[in-house]
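Undergrad: Please find one structure pasted underneath; my questions will follow.
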Amino acid sequence: MTETMVITDHADHAGGGVAMALSVGRRSGTHVLRRGSSLSGCGSRRPLRCAGRRDGGSMAVEVVILVPLLFAFVLLIAAGGRLVLRQGDVDSAARDAARAASLARSSGEAQGAAASAVSASMGATSCPAAVDTSDFVAGGSVTVQISCVITYGDLGLVGLPGSTTVRGTSVAPLDQFRRTGTP
């Protein structure tokens with residue numbers, strides 16, 4: 001017959017004591033626990049020692065899966081930001097070019113004013129602009145269309161096209177009470 005005694009160590013005041021079991025004799029199912037261990041088999045002074053026994057290594061797997069997904073998500077946000085920013089630039093340049101062309105006195109001057117407004121708005125980026133001055137009469141309108149190519153190759157995100165084209169169109173009316181053409 002086996003006799004088991006449980007002794008409480010009162011050195012741990014905050015936790016209410018650490019249980020120890022001493023075993024006398026041999027009997028199957030009886031465990032001898034070391035000082036500082038609880039009766040559940042996990043150390044009470046080191047509670048994290050047994051917390052993840054069944055989940056060992058799962059954190060590494062989660063990191064291996066989640067980090068590339070988060071990185072791809074950040075790159076997708078960068079690509080979307082690049083698209084929205086360039087679309088705003090193209091729309092703004094088209095509006096400025098149409099306004100500059102509408103203030104010109106002749107069709108030729110309107111073409112030149114629109115081209116210079118596009119180059120001033122877009123800077124070093126070369127975006128072709130098409131200026132329609134077919135309705136360049138008093139009360140008519142001037143239409144400017146700009147198209148720019150955006151590249152995504154430097155992002156290195158799989159699934160994105162290498163480049164895409166954004167287009168901006170703006171129409172500006174001509175004053176109906178002014179003279180157009182040569183005097």
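Undergrad: For 71, 177, 136, which order do you get if you count the other beta carbons within 10 Å of each Cβ and list the fewest first? Please report the intermediate quantities before stating the final value.
TA: Details: 71 11, 177 6, 136 23.
So the ranking, lowest neighbour count to highest, is 177, 71, 136.
Undergrad: Sticking with this structure for a sec: Within 13 Å, Cβ to Cβ, of residue 151, how many net charges do the neighbouring residues add up to if Lys/Arg are +1 and Asp/Glu are -1? Working shown, then result.
TA: Working: positive: 82, 86; negative: 154.
Charge balance near residue 151 sits at +1.
Undergrad: Can I ask one more? Going by how many other beta carbons lie within 10 Å of each one, how would you line up 96, 132, fewest first?
TA: Working: 96 21, 132 18.
In increasing order of surrounding Cβ atoms, one gets 132, 96.
Undergrad: Counting other C-beta atoms within 10 Å, which of 171, 64, 90 has the fewest, and how do the rest follow?
TA: The order, fewest Cβ neighbours first, is 64, 171, 90.
Undergrad: Over all directions, the average projected area of the alpha-carbon convex hull for the stretch 56-123 comes to how many nm²? Write out the running numbers ahead of the final one.
TA: Values: hull surface 20.6 nm².
Averaged projected hull area, Cα only: 5.1 nm².
Taken together, the values in this text are just the output of simple stated rules run on the coordinates, not laboratory data. Just so you know, these numbers come straight off a predicted model, no measurement behind them. Reconstructed Cβ throughout: ideal geometry from the backbone, glycine too, with neighbour counts over all protein chains shown.
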